[in-house]
Amino acid sequence: MESEINAILDKIRTEVKIKTGKNIDGFKPAFLERRIRHRMEINGIVNFDEYLKLLSTNLEEANNLYLAFSINVTQFFRDPHVWEKLEKEIIPNLINKSKVHTAYVWSCGCATGEEPHSVSITLNEVLKSRDIKYEIFANDINLDAISRAKKGIYRDANLVNINTKRRIKYFEKLEYDQYQIKSNISNQIKYENIDMMKITEKKFHMIFCRNVLIYYDKQRYKAIFEKFADSLTENGILILGQNESMFGTIGNKLFLTLYPKERIYQKIEY
């Protein structure tokens, strides 16, 4: 049964590549299967072969399947202890060592914008008295998520980790339980609908890639960590998700673990 599923997954990978030009080889097989079954259920299909036929004749479904691999479940300041460490120690130390005039940050797999907006709020708090500017680059493969991020409108449930003082300072209250991020925070972010491996932006002082790696096969980690190391400035910082780790990967040769609990790492210079 497992060999049969692997065979059909190979065919689906090939079909998505042909139809969309996008490569999904790096995703874990179990994750691929879950998202494919989800699309099958939406289309009222119970047989893998039948779904493969749909893919081969329907470009829209191939695009929809690719977008299904973008998971957009997030919230502002997810895992508050991580953000506290960043605000109190990591960012001030990085700025003091680098002596930069503008800090550049990458939010990888930004979903609907909660993370890059959290980064922007944090940088605004830390840098406001230092006369240092900042720019945030944020990407995601889901165009709908990017569109929502640009609008910057969120419900109360997304803001559970934001106290009243910060809500008043950084958000406009709309009707019902909706809030919109203020322009001085959102204008610092540049969004792009692109795969992280295709990004050729300038060097970054910090990279956030939280809860993205868990969907990739570990064989893909080598290319990802090398990409991050190449994209970071000297002494640059990488922040992973709480369910992610560099243990047993090439990442250990490229990054120094600063805070294992918070999954905060620093680029190693050779």
Hand me the list of strands (runs of 3 or more DSSP E) wholly inside the stretch 185-260 holding 2 or more residues that are among the β-branched types (Val, Ile, Thr), surrounded by fewer than 15 Cβ atoms within 10 Å (Cβ to Cβ) and free of Cβ contacts under 8 Å to residues at least 40 places away in the same chain. none
Pull up the stretch 124-168, narrow it to residues that are surrounded by 15 or more Cβ atoms within 10 Å (Cβ to Cβ) and of a type in the set (Asp, Glu), then point me to the one that is nearest to residue 191 (Cα to Cα). 140
Considering each of 68, 62 in turn, give the residue that is within 26 Å of residue 22 (Cβ to Cβ) and without any contact (Cβ under 8 Å) to a residue 40 or more places away in the chain. 68
Out of all the residues in the stretch 58-65, is one or more part of a helix (DSSP H, G or I), crowded, with 17+ Cβ neighbours inside 10 Å and charged (D, E, K, R)? yes
Do you know which residues across the stretch 84-118 are under 17 Å from residue 166 (Cα atoms) and open to solvent by 10 Å² or more (accessible area, probe 1.4 Å)? 84, 87, 88, 115
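Going by what's in this entry, would residue 121 be described as buried (at least 23 other Cβ atoms within 10 Å of the Cβ), over 14 Å from residue 76 (Cβ atoms) and at pLDDT 95 or above? Let's see the steps before the verdict.
Values: buried (at least 23 other Cβ atoms within 10 Å of the Cβ): yes; over 14 Å from residue 76 (Cβ atoms): no; at pLDDT 95 or above: yes.
So residue 121 fails the test.
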Which ones in the stretch 77-103 are modelled with pLDDT of 95 or more and assigned to a loop (DSSP other than H, G, I, E, B)? 77
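The values are calculated or read from the model by the stated rules, or taken from the named source; none is laboratory data. No experiment lies behind these values; they were computed from the predicted model shown. Counting neighbours? That spans all protein chains shown, and the Cβs are built from the backbone with ideal geometry, glycine included. These area figures cover heavy atoms from the full protein model, side chains too; ligands, DNA and RNA do not enter into them. Shrake-Rupley method; radii C 1.70, N 1.55, O 1.52, S 1.80 Å.
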